[in-house]
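Undergrad: Just dropping this structure here.
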Amino acid sequence: MPIEPGATENEQEFISRCMSEETQTYPQDQAYAICKSKWDTKMSKMSSMQRVILTINNNKNDALIPKGKV
């Protein structure tokens, strides 16, 4: 099943999830290139406003994690 970025995933979350799947088939450097390409394609298809909203939502989630608890 093809791996695609989720609507609310940030880049780090998607790359991590994608790498866990793609490294089963490809070497790590190729898997990363595949995952990064999929992320970049998603970003290029989004409008500027959608990218801003995604960034704000991801930053809001990061702010909820207490410092030093990660």
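Undergrad: Please compute the modelled spin-label separation between Ser16 and Ser48, points set 7 Å along Cα→Cβ, answer in nm with one decimal.
TA: Placing both labels 7 Å along Cα→Cβ, they lie 3.1 nm apart.
Undergrad: Still on this structure, please answer the following. Tell me, what is the per residue accessible area of the stretch 3-51 in Å², probe radius 1.4 Å?
TA: Accessible surface, normalised per residue, equals 67 Å².
The values are calculated or read from the model by the stated rules, or taken from the named source; none is laboratory data. Note that the structure is predicted; figures quoted are calculated from it, not measured. Quick reminder, even Gly has a Cβ in these numbers, built from the backbone with ideal geometry, and neighbours come from all protein chains shown. Heads up: the accessible areas ignore ligands, DNA and RNA and are worked out on the full protein's heavy atoms, side chains in. Shrake-Rupley method; radii C 1.70, N 1.55, O 1.52, S 1.80 Å.
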